[in-house]
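Read through the structure below, which is laid out as structure tokens, and then see the notes.
The values are calculated or read from the model by the stated rules, or taken from the named source; none is laboratory data. Note that the structure is predicted; figures quoted are calculated from it, not measured. When we count neighbours, we look across all protein chains shown, and the Cβ atoms used for this are built from the backbone with ideal geometry, even at glycine. SASA here: full protein model, heavy atoms, side chains in, ligands and nucleic acids out. Shrake-Rupley method; radii C 1.70, N 1.55, O 1.52, S 1.80 Å.
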Amino acid sequence: MEKTIAGVNLIVDDEGYLQDINQWNKEVGTEIAREEGIEMTDKHWQVIDYIQDQFKSDSPLTIRKVGKSGVTDIKEFYSLFPEGPLKKASKIAGIKKPVSCI
Amino acid sequence: MEVLQPVKEPKASTDAKVKRVMIIVSKATLDNVYASFILANGARMEGIEAELFFTFFGLEAITKDKLKHLSVATVGNPAMHIPTMLGGLPGMEAFATSMMKKEMEKLDIPPVDEFLEILAASGVKMWACRLAMDMFHLKQEDLIEDLEGVLTVGDFYNRAHGEGTHLMFI
């Protein structure tokens, strides 16, 4: 499926997750966040950076890991990305939908 | 010959979605406790509200001096695939428990105490059952700090209002 976000033609899945992180840039992230009702701040970007780093090093993401990252804690993670933080943050970070149950 | 038709999936309207899960934790075997914790945490990860109501033996999972020592049931558990008599031998329960804990750590599933902290930080509301507390002579100070409070069964049902609320018994 193709979708144009911030003037870029992107390949996304049915739910709008980017399929190739190389197509991502900050404007794309900002636009996806806006669609999700999130106005990005420096703190949001720090979390997105961490999530992208984890993804690039092939390390599976869990809420527990984000909580221990030193970038944020679980409570803050939920308030930054309400209603499904791991999914929303992954979508904004331009990575595939997380498959983790925890 | 009559051909069986595949079962049609019910049409899902947006308001038919699960919005809140209320999970009753009635047992304190490690597998039951983890099942309820993972369901509650998984709900929050999907933006679904979650509450846990600890009753009867389930109270051990939130009792400060018990929660780190929960174990897997090796007797009366056919999924262990060992004869019941063997399951009752000394050390079997400890062995099965340590095996399970090892496997869970590999999957980044936290130990019970840390999991409770994660649930609280994720916005899961946790309640203790008044009647069960009286039965086991427990006071609120015996239970974890993150506990929201103590409820009667009636109080708990009264919280379960609203469309899309589901009750589960584990």
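Yes/no matrix, rows are residues, columns are (1) open to solvent by less than 70 Å² (accessible area, probe 1.4 Å); (2) more than 14 Å from chain B (Cβ to nearest Cβ); (3) among the hydroxyl-bearing types (Ser, Thr, Tyr); (4) under 11 Å from the mean Cα position of the chain (by Cα):
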| position | (1), (2), (3), (4) |
| --- | --- |
| A:16 | yes, yes, no, no |
| A:45 | yes, yes, no, yes |
| A:49 | no, yes, no, yes |
| A:54 | yes, no, no, no |
| A:58 | no, yes, no, no |
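Residues in region B:20-75 that are assigned to a helix (DSSP H, G or I), of a type in the set (Phe, Trp, Tyr) and at negative phi: B:34, B:37, B:57. Considering B:99, B:126, which residue is within 29 Å of residue B:46 (Cβ to Cβ) and aliphatic (A, V, I, L, M)? The match here is B:126.
Of the residues A:96, A:87, which single one is over 23 Å from residue B:121 (Cα atoms) and under 12 Å from the mean Cα position of the chain (by Cα)?
Values: A:87 fails: over 23 Å from residue B:121 (Cα atoms).
The match here is A:96.
Going residue by residue through region A:68-75, is there one that turns out to be assigned to a helix (DSSP H, G or I) and either among the β-branched types (Val, Ile, Thr) or within 11 Å of the chain's Cα centre (by Cα) (or both)?
yes
Once region B:121-170 is narrowed to residues that are polar (S, T, N, Q) and not in a helix (DSSP H, G or I), the residue that is least open to solvent (accessible area, probe 1.4 Å) is B:122. Residues of region B:80-96 include at least one that is in a loop (DSSP other than H, G, I, E, B) and of a type in the set (Val, Ile, Thr).
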